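Before any comments, here is the structure.
The values are calculated or read from the model by the stated rules, or taken from the named source; none is laboratory data. Small disclaimer: the values here were computed from a predicted structure and weren't measured. Every residue, glycine as well, gets a Cβ built from its backbone with ideal geometry; the counts of neighbours run over all protein chains shown. Areas reflect the complete protein model, heavy atoms only, side chains present, ligands, DNA and RNA absent. Shrake-Rupley method; radii C 1.70, N 1.55, O 1.52, S 1.80 Å.
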Amino acid sequence: MTHHNNLSFLNEGGEMGRLIKEKDWTNSPLGPIETWPQSLCTSLSIILHTNQPMLIFWGQEYLCFFNDAHKPSLGLDNKYVSVLGEPTAVTFPEAWDFIKPLFKEVYETQKGLYLENQLIPILRNGKMEDAYWTVNYSPIISANGDTEGIFVTSNEATSAIMEKIIAEEVDERFRSAVKQAPVSIGVYKGPDFIVEMVNDAYLALADMEEHDLLEKPLYDSIPEARKGTEDILKHVYETGETYKATEFPITINRHGKTNIGYFNLICQALQKENGEIFGTIGVAIEVTELVQAKHSLAESERKFKNLVMQSPIPITVFKGKKHTVELANDAMINTIWHKKENEVLGREILNIFPELIDQKFLALLDRTLETGNPYKEKEALAYVEGNDGMRKLYVDIDYSPLVSSDNTVEGLIVTVIDVTEKVTTRKKIEEAETRLRLATEAAEMATFELDLNERNIIYSPKLAEIFGHDRSATLAHEELREQIHPDDIDTIVLKAYEKAFITGVYFYEARLITPANEIKWIKTHGKIYYDDEGNPTKLIGVLRDITEDKLSQQILLESEQKFRLLADSMPQQIWTADADGNLNYFNKAVFKYTGLNKDEILDLGWLDIIHPEDREENHSLWIESVKTGKDFIMEHRFRRHDGSYHWILSKASPQRDELGTIQRWVGASTDIQEQKMFSKELEKKVKERTRLLKESNEKLEDSIEELQKMNVELQSFAYVSSHDLQEPLRKIQTFISRILEKDRDTLTDSGKNYFGRIQDSANRMQNLIKDLLSYSRTNITGNEFKKVNLNDIIEEAQLDLKEKLDAKNGSMHIGDMCDVTIIPFQFVQLMSNLISNSIKFSVTGIPPHIKITSKEVMGEDMEDFNLMPQVRYCHITYSDNGIGFESEYKDKIFEVFQRLHGKNEYEGTGIGLAIVKKIIMNHDGFISAKGKPNRGVTFDIFVPVEH
């Protein structure tokens with residue numbers, strides 16, 4: 001070991017000399033500088049004082065030293081500071097496998113090595129680079145003949161080598177790429193456009209062989225393409241300007257037919273180094289199908305817009321997260337919004353109606369846009385400020401997502417139906433019913449409604465009380481009928497019932513026997529209602545306990561005076577007539593109601609206060625009653641004291657002596673104007689609302705049918721678009737495979753890794769597109785249903801997956817299978833997806849076991865599932881012993897692109913079960929799933945036996 005204090009060998013050694021001085025070498029294998037060998041100091045002095053890039057690798061650990069001239073080769077991130085004096089294996093791990101054998105050879109043989117353009121990768125500027133070097137390795141030999149280190153001169157040749165490699169690859173790959181390119185490429189010489197080279201895609205497009213085109217003028221071989229393209233090629237050749245066009249129409253002849261094709265074109269001049277143009281190159285990408293699809297989509301959008309604009313139902317279309325109004329028909333603008341068209345189109349909904357900020361509708365729109373789930377609500381309360389001010393509306397709303405070709409929700413279609421009038425009318429009717437109920441209860445009257453077809457009766461609590469029961473009692477119509485006095489059943493009640501079907505009026509007075517054996521008198525008055533075909537449907541009426549009235553009548557029979565006093569005290573109009581029908585008494589209510597006194601009534605005649613239209617019927621009925629002795633009953637109109645006419649129910653009964661001879665008639669007239677008007681108004685509104693609802697439903701059905709047709713067209717477009725994506729992927733996979741086959745030996749490990757990752761990504765993309773195509777096919781209608789045994793379907797699916805199942809020592813148990821009417825190829829896909837999932841998601845170390853059984857069931861017997869009651873289903877039970885899932889994901893697993901695990905854990909695209917569900921929906925069926933982690937999964941599948 002040499003001891004010296006003179007560090008002059010580092011003087012004028014540049015930045016590296018300074019860094020060597022300043023570095024703390026205490027913990028280095030070399031120790032302090034003062035102890036370094038003289039041979040090392042001499043060697044360092046040589047490299048530090050030269051402008052040639054040089055390095056020294058010292059000792060068995062190859063400690064690294066270099067001069068300022070070598071610093072740029074290490075990059076711009078000051079890496080040279082950290083590697084100074086450190087072992088090479090530590091500081092340059094990326095290059096160690098390349099240079100270690102070289103160092104060892106020089107060290108052991110003590111002979112120099114000279115290598116040109118040697119590949120030595122290096123990590124610099126934060127990334128790995130392939131670098132090429134011309135280096136000379138020389139041993140540093142001590143006085144006693146031992147190798148102490150390696151002296152290296154280094155010149156980086158990366159730029160020159162890469163330029164050479166790139167130039168060679170570009171030339172080779174250009175010709176190969178032209179030949180293999182998926183687009184049509186032609187190279188033409190001179191002003192006559194002599195065909196020098198065309199690729200396979202060009203030949204396929206022209207429907208010709210290569211010998212038909214090469215070394216011949218272009219338009220001699222393809223004259224039909226001259227129009228439109230010759231002028232373009234001439235302009236490019238003469239001016240050197242590049243020409244580009246999209247969706248350019250060109251007449252082509254292929255398969256014996258001449259037609260128009262659409263192409264994306266690029267034409268460019270070919271020039272020598274001196275700028276002289278010697279030819280042209282043309283590239284054409286056929287986009288005929290895409291253009292036709294765009295035209296079809298544009299036509300579909302036009303039809304959709306026309307459908308929306310012409311619909312009588314208010315419809316609008318929102319786009320984007322801000323719900324910008326893209327489209328709104330007149331019904332929406334004028335009847336709902338009360339705005340002008342230029343005030344709404346192209347504007348965000350919140351800017352049009354800021355009052356919505358405090359209402360629920362914005363949140364509902366956001367949720368529908370985010371989830372893609374439609375939303376409907378009946379009679380939603382909304383406040384909308386139009387040009388005529390703020391209005392309170394009740395509306396039926398329907399939010400439906402607009403799905404783009406990539407299955408993303410890009411907007412919403414919104415229908416709004418104003419039902420304000422219907423709601424307010426219903427509320428008025430409810431209020432009127434409440435008032436009527438209060439009025440009848442105040443008058444101690446009971447109401448009832450009898451279904452004439454089902455014989456079900458609805459009644460107010462007062463009716464049960466009148467019949468001697470608790471007010472909350474539930475009584476059938478027959479139970480009430482059995483309480484009628486036996487003597488009054490046939491003679492009064494049944495007769496009144498039969499008569500009601502003739503007159504439309506149900507009226508009687510009869511006795512009933514309460515459970516406590518108490519006899520009561522009741523008075524019933526009702527009306528029969530008919531449907532549009534004239535069939536009686538219901539009887540609505542009122543019933544009153546008239547027991548006290550009857551007792552009063554008995555008392556009146558005993559005393560005329562008492563009768564008159566009682567009559568005058570009653571609010572009803574009471575009157576009497578002699579046996580011949582001549583009126584001779586009126587109570588005070590008559591005078592008060594008519595505004596006439598007794599003499600005026602007698603002088604003018606009773607018919608004077610009867611409405612002229614009712615007089616003839618009134619006279620006839622009265623004469624008939626007097627003649628036959630039958631009760632007089634009539635609804636007619638009386639003139640009140642103010643000159644107006646009100647509906648009155650008048651009834652008169654004869655009083656007989658012991659021999660049955662009529663002694664006199666006693667009558668009563670009751671104002672039923674409110675009941676009459678209420679019944680007519682109610683009946684009118686019910687008919688009107690029924691008509692409007694029927695019209696609205698018919699229009700809505702037409703709109704839905706048209707929208708469904710459009711949705712089918714959009715699905716077809718999505719299928720075609722997805723199918724076209726596969727062609728570029730196949731080219732990518734082909735080129736990657738050829739590069740790996742031809743150039744594998746020249747690629748670095750990192751390059752191989754990158755190409756491998758590209759290939760894996762392309763494969764995953766292709767699988768995703770295939771799954772998307774499968775999912776799209778399940779939406780396409782027109783598939784033929786056939787009756788097959790499910791065992792045949794499962795065997796076909798099992799055959800395709802036999803190798804994968806055997807690879808995991810898996811097994812399947814198939815029970816008895818149903819005969820069902822299905823689309824066979826779709827059900828093969830369904831079973832393949834389920835079996836593939838069971839294999840993929842099996843528990844590690846446990847062979848997968850699959851069990852499939854089926855049986856026929858009726859929908860009404862399966863209460864836990866949403867099935868049609870009268871339909872016979874085939875219930876398929878599919879189960880496995882795989883990894884299962886948490887119950888909270890039982891619905892999510894059927895959604896498109898939904899995965900419960902990362903792609904690094906299990907392969908796949910997340911579409912398989914979405915396809916399964918879509919197939920089941922195509923068959924009007926139902927599917928559900930249940931499972932537990934590591935306990936497997938069970939699918940319950942229901943499809944109709946007959947379709």
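Accessible area per residue, 1.4 Å probe, Å², for region 552-673: what's the number? Value returned for region 552-673: 55 Å² of accessible area per residue. Considering only LEU115, LEU48, ILE313, and ranking their Cα positions along the charge dipole of the chain that arises from unit charges at the beta-carbon of Lys, Arg, Asp and Glu, the one farthest toward the positive end is ILE313.
Beyond 21 Å in Cα-Cα separation lie the following of the pairs LYS592/LYS630; LYS428/LYS592; LYS538/LYS685; LYS527/LYS676; LYS495/LYS527; LYS630/LYS651: LYS592/LYS630; LYS428/LYS592. Charge dipole (Cα centre; +1 on Lys/Arg Cβ, -1 on Asp/Glu Cβ; no other charges) of region 311-425 amounts to roughly 100 debye.
Inter-label distance, GLU301 to GLU658: 10.2 nm, where each label sits 7 Å from its Cα along the C-beta direction. Probe 1.4 Å, all protein chains in place: accessible area of LEU205 in Å², nearest 10? Spelled out: LEU205, probe radius 1.4 Å, area about 30 Å². Heavy-atom surface analysis with a 1.4 Å probe gives the chain a carbon and sulfur content of 51 percent of its accessible area. Does anyone have the angle between helix 612-628 and the longest principal axis of the chain? Alpha-carbon axes, 0 to 90°, nearest 10? The angle comes out near 50 degrees. Taking the inverse of the mean 1/r over every pair of distinct Cα atoms in region 290-338 gives a Kirkwood hydrodynamic radius of 11.9 Å. For GLU86 and ASN934, the difference between the fully extended length at 0.36 nm per residue and the C-alpha to C-alpha distance is 300.0 nm.
Using heavy atoms of the protein chains and a probe of 1.4 Å, the accessible area assigned to LEU265 is about 20 Å².
Diagonalising the gyration tensor over the Cα atoms of region 446-546 and scaling each eigenvalue by 5 before taking the square root yields semi-axes of 23, 16, 11 Å, largest first. The residues of region 446-546 present an accessible area of 53 Å² per residue when probed at 1.4 Å with all protein chains retained. Label positions at GLU343 and MET309, each projected 7 Å from the Cα along the C-beta direction, are separated by 2.1 nm. Normalised by 2.2 N^0.38 Å, where N is the number of residues, the alpha-carbon radius of gyration of region 8-160 equals 0.99. For the chain, the alpha carbon positions stretch 166, 78, 65 Å along the principal axes, listed from largest to smallest. Rolling a 1.4 Å probe over the protein heavy atoms gives region 8-160 an accessible area of 48 Å² per residue. Computed on protein heavy atoms with a 1.4 Å probe, the accessible areas place HIS619, HIS70, HIS255 in the order HIS255, HIS619, HIS70, largest first.
Judged by the ratio a/c of the largest to the smallest principal axis of the C-alpha gyration tensor, region 6-55 counts as prolate, that ratio being 1.5 or greater while a/b is larger than b/c. Measuring r between the beta carbons of SER28 and THR746 and using R0 = 35 Å, the FRET efficiency lands at 0.35. Candidate cross-link partners of LYS179 among the lysines, defined by an alpha-carbon separation under 28 Å and a same-chain spacing of 8 or more, comprise LYS164, LYS189, LYS216, LYS227, LYS234, LYS244, LYS257, LYS272, LYS731, LYS742, LYS752, LYS770. Using a probe of 1.4 Å, the accessible surface attributed to THR288 totals some 20 Å² when neighbouring protein chains are kept in position.
Across the alpha-carbon atoms of region 360-421, the computed radius of gyration and Dmax are 13.4, 42 angstrom. Computed extension gain for GLU116 through ASN809, at 0.36 nm per residue and net of the alpha carbon distance, reaches 243.8 nm.
Which of rounded, prolate or oblate describes region 92-174 when judged by the alpha-carbon gyration tensor and an a/c cut-off of 1.5? Here region 92-174 falls in the prolate category.
Taking only Cα atoms of region 181-292, what ratio of Rg to Rh do you get with Rh as the Kirkwood inverse-distance radius? Rg/Rh for region 181-292 comes to 0.95.
Within region 74-111, whose backbone N sits under 12 Å from a point 7 Å along Cα→Cβ of THR147? Hits in region 74-111 for THR147 at 12 Å: 100-111. Taking 4.7 Å between C-beta atoms as the pairing limit, the chain has these partnerless cysteines: CYS41, CYS64, CYS267. Once the C-beta distance of SER39 and LYS272 is scaled by a Förster radius of 51 Å, the resulting FRET efficiency is 0.30 to the nearest 0.05. Straight-line reach from LYS339: taking Cα to Cα under 27 Å and skipping same-chain neighbours fewer than 8 places apart, the lysines in range are LYS303, LYS305, LYS319, LYS321, LYS322, LYS360, LYS376, LYS378, LYS392, LYS422, LYS699. Within region 89-130, the ratio Rg/Rh, alpha carbon atoms throughout and Rh by Kirkwood, equals 1.03. Simple spin-label estimate for LEU362 and HIS619 gives 7.4 nm between the two label positions (7 Å along the Cα-to-Cβ direction from each Cα). In the distance distribution for region 486-638, Cα-Cα pairs more than 24 Å apart total 47 percent. Taking 0.36 nm per residue of separation and subtracting the current Cα-Cα distance, fully stretching the chain between GLU105 and GLN292 would add 60.4 nm.
Each Lys and Arg adds +1 at its Cβ and each Asp and Glu adds -1 at its Cβ; summed about the Cα centre, the chain shows a dipole of about 920 debye. Size descriptors for region 311-425: radius of gyration and Dmax over Cα atoms are 13.5, 46 Å.
Here the contact order of the chain, divided by its residue count and restricted to Cα pairs under 8 Å and six or more residues apart, works out to 4 percent.
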